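One structure is given below, encoded as structure tokens.
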Amino acid sequence: MDQLSLFENEGYNFPEELLDFEADFLTQQEADRLFNLLLEEVPWQQTSKKMYDRMVLTPRLTAWYGDKKASYRLAGKAIVTNQWLEPLAALKRRIEQQFNCTFNSVLLNLYRDNNDSVAWHRDRESELGNRPVIGSVSLGQARFFDFRKVNDHSKKYSLLLKHGSLLLMKGNLQETWEHRIAKSAKKMQARINLTFRLIGEGKE
């Protein structure tokens, strides 16, 4: 497992107990196969949200997969949950077995190019419970995943998430750190991110 020495910055380190990271969790062949399958078979949708009294489109495409009882609401709206594709279910089981955790759903994000992004945020929805464990698998274009401390924005860290990598977020990360995928001036190809979660009625 990779050490998080990448997070060393100006004499202080990112708290390593909040993350597990494997740069080559999937082989090149596994990652290629899953990336191509998801591009072709997932019913990608673009959602909208209210910002400054107007509705704007989110700069990425999304889809949810999960158990029948895994319900999720965003901005008061129920999100449609698709039934598991077997390759996604198999990947879920693989992460669960290796890291001794449980998931019942996965959020898929498709970043079509360098103009797609996700703003600074924390995954703190009530459906996720306290101190959620989130397993994030990256496919396609490598993108930097940025962190910043909630109460001290001078503390920032970045980790390059490559094709086939796995980042497991845990502990009080969502309480104390924000994260994002920024837009880039550099031209980029498509990236798919899978974030496995335990939500809704599936929680204890």
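Which lysines have a Cα less than 16 Å from the Cα of LYS49, not counting those fewer than 8 places away in the same chain?
Filter leaves LYS77.
Could you give log10 I(q)/I(0) at q = 0.16, 0.21, 0.24 Å⁻¹ for the range 146-197, computed by the Debye formula over C-alpha point scatterers of equal weight, without solvent?
Debye output, listed in q order: -0.60, -0.97, -1.15.
Students sometimes get this wrong: rank LYS92, LYS50 by accessible area, probe 1.4 Å, all chains present, largest first.
Result of the area sort, largest leading: LYS50, LYS92.
Scan around VAL42 for amide H atoms under 5 Å from its own, H built in the peptide plane at 1.01 Å from N, and keep only partners 5 or more places away or cross-chain.
none
With θ set to phi - 60° and the Karplus curve 6.51 cos²θ - 1.76 cosθ + 1.60, what are the ³J(HN,Hα) couplings of the range 58-63 in order, to the nearest whole Hz, using x for Gly and Pro?
Once rounded to whole Hz, the list reads 6, x, 4, 9, 9, 7.
So, by mean Cβ neighbours within 10 angstrom, what's the order for 104-112, 171-179, 41-49 with the highest one leading?
Output ranking for 104-112, 171-179, 41-49: 104-112, 171-179, 41-49.
Using θ = phi - 60° and the Karplus relation 6.51 cos²θ - 1.76 cosθ + 1.60, list the HN-Hα couplings for the range 101-110 in order, rounded to whole Hz, with x at every Gly or Pro.
9, 9, 10, 10, 7, 9, 9, 9, 10, 10
The values are calculated or read from the model by the stated rules, or taken from the named source; none is laboratory data. All figures in this text were calculated on a predicted structure; none of them were measured in a lab. Cβ sites come from the backbone with ideal geometry, for glycine too, and all protein chains shown count toward neighbours. Note: areas computed on protein heavy atoms with side chains; ligands, DNA, RNA excluded. Shrake-Rupley method; radii C 1.70, N 1.55, O 1.52, S 1.80 Å.
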